[in-house]
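See structure below.
The values are calculated or read from the model by the stated rules, or taken from the named source; none is laboratory data. All values reported here derive from a predicted model rather than from experimental measurement. All Cβ positions, even for glycine, are placed from backbone atoms using ideal geometry, and neighbour counts span all protein chains on display. Note: areas computed on protein heavy atoms with side chains; ligands, DNA, RNA excluded. Shrake-Rupley method; radii C 1.70, N 1.55, O 1.52, S 1.80 Å.
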Amino acid sequence: MTSGQQLRLYNSLGRRLEDFTPSEGSVGLYSCGPTVYSYPHLGNMRPYVFSDTLRRALRWKGIPVRHVVNITDVGHAVADSDTGEDKLEVAAARELRSVEEIAAMYTRAFFEDMAALNVMPADDYPPASAYVPEMIAFASRLEDLGFTYRLPSGLYFDTSKSPGYGTLALLDIEGQREGERVELVEGRRHKSDFALWRTEEAGKRRVMRWDSPWGWGAPGWHLECSVMSMALLGDHFDIHTGGIDHRQLHHVNEIAQSEAYLGDGRPWVRFWLHNEFLVIDGSKIAKSSGPVPRLADLVAMGIHPMAYRLFLLGGHYRSQLDFTLAGVESAQATLRRLVARVMPLRPLPVVETREAADSLAGDDPTAKAYLDQIDAAISADLATPKILASLQESLRDPALTESGQRLIVAVADALLGLRLGELELREVEGRRSAADLSADEVSQIERRVAERTQARKERDWARADQIRSELEELGVQVTDTPAGPVWELL
Ligand SMILES: [Zn+2]
């Protein structure tokens, strides 16, 4: 038994905080993964930093987890609709590559970003394209059970036959049926009905296509998550996560088809957790809305990925977070101060569980008080901003011994994943701008630039080049323009 607070999580099913206890020894955790048709942007990172925090919280409580994240490489139509082209096929045509190349390239980019953000790898990353026969079998069973109907455009799930349809979204079914969210599909009985199978139109051969009882075509987008999660985690499992946009449609449909398929009267998944959006200028970042910054863009601006992780964790996962460059830069400054403060305490111990932390704390009452604070924060629906506050307070607290500080930093970092035990100060220095230079530094640079200009006038190219490379070593780049040389910091 571990001591400490009961873990409480906000369950979207019922919209309330609930005590979380694993139903059996280990927790099955499924997170909706990326559609690999373009580079993931900063908003796409938030669900995975969130589910990573959840995993760290479960580890802290001594609860083993099996985590599955799907890779959507087929079936996701543009505009999340039931008809229309597949996102990957559109991307392949645009980039003159095969769909396999597109999937491989953007899957790799996703993994690179996950690693840079110190997100722990999942146990499985099933690609949808590897589970199409299982999806066909799943849809066939729904058809046998009478939950579906056929149209020329595919096989549809009849949501009027699903008694609890829309509970997760608190949907007013009649309202949704009259709503404008859904596109017009010829012959569809209710607007909330969705495609399990999308049959290809005559004369419009798809690139990714499989034969099925409903003709050649591809699976509907919602099917893969039900099928792959059950295949890898069992029929019922404990936690399903995703972005809050999934709460209204994708997860509603996953639940409807899964509970119809299982037919055992039990809720399919016990806990549904959703992270809020990252917001730029008041609008959520969706991939379809045009180019938005990627992690690589931040890195090019001198922002370390751990600073972006800290920026995300500085807000609670259920609050919208406004993205600003100033906000990320300020997170980097906080990270820099933390690293500078933690360096003399290294090496840090590895302390991943409350149990291990308690035994290291011994009978140090100050250390124990901080452990209680941090435990209370993570137990209260993953309150990462409070853990950060406790960490900062502990580092300033004269009542805490050095070994106590070492323990609290190790514990906070096991939960926050900021790599405080290993980051080098120079990694989080960021790029200086000319405005940060002292007057002396500026006049020194300008003297060297003037000497180079003089060397060029004298056609002493060797000396001019020599000065240019010396300046570059100092991080100064000189460009010759019609108005004379200008310099900037690299
Ligand atoms: Zn999903």
Hey, among the residues in the stretch 52-76 that are within 16 Å of the chain's Cα centre (by Cα) and under 13 Å from D238 (Cβ atoms), which one's nearest to the ligand (Cβ to nearest atom)?
V68
Criterion: open to solvent by 10 Å² or more (accessible area, probe 1.4 Å), touching a helix residue (DSSP H, G or I) at 6+ places or on another chain (Cβ under 9 Å) and free of Cβ contacts under 8 Å to residues at least 24 places away in the same chain - qualifying residue of G265, G314, G302:
G265
Look through T401, T481, T453 and report the one residue that is more than 30 Å from V342 (Cβ to Cβ), of a type in the set (S, T, N, Q) and in contact (Cβ under 8 Å) with a residue 24 or more places away in the chain.
T453
With R270, R266 as the choices, which residue is assigned to a strand (DSSP E or B) and either over 22 Å from A130 (Cα atoms) or out of contact with any strand residue (DSSP E or B) (no Cβ under 8 Å at 6 or more places or on another chain) (or both)?
R270
Counted residues, the stretch 456-467 - those being open to solvent by less than 70 Å² (accessible area, probe 1.4 Å) and either in contact (Cβ under 8 Å) with a residue 60 or more places away in the chain or under 48 Å from the mean Cα position of the chain (by Cα) (or both)
1
Is it true that A399 is open to solvent by 60 Å² or more (accessible area, probe 1.4 Å) and at pLDDT 95 or above?
yes
Given R205, R270, R266, which one is under 20 Å from K161 (Cα atoms) and of a type in the set (K, R)?
R266
Can you spot a residue in the stretch 239-261 that is within 21 Å of S31 (Cβ to Cβ), away from the ligand (no atom under 16 Å from the Cβ) and either assigned to a helix (DSSP H, G or I) or not polar (S, T, N, Q) (or both)?
no
Going through the stretch 389-429 one residue at a time, which ones are within 26 Å of A300 (Cα to Cα), assigned to a helix (DSSP H, G or I) and out of contact with any His (no Cβ under 9 Å at 6 or more places or on another chain)?
D413, L416, L425, R426
One residue is enough: does the stretch 434-452 have a residue meeting the conditions part of a helix (DSSP H, G or I), out of contact with any helix residue (DSSP H, G or I) (no Cβ under 8 Å at 6 or more places or on another chain), more than 23 Å from L313 (Cβ to Cβ) and polar (S, T, N, Q)?
yes
If we keep only residues of the stretch 12-40 that are more than 16 Å from the ligand (Cβ to nearest atom) and crowded, with 21+ Cβ neighbours inside 10 Å, then the residue nearest to the chain's Cα centre (by Cα) is S38
Before we move on, is H304 touching a Leu at 6+ places or on another chain (Cβ under 9 Å) and within 16 Å of the ligand (Cβ to nearest atom)?
no
How many residues of the stretch 350-388 are open to solvent by 50 Å² or more (accessible area, probe 1.4 Å) and over 21 Å from L9 (Cβ atoms)? The answer is 7
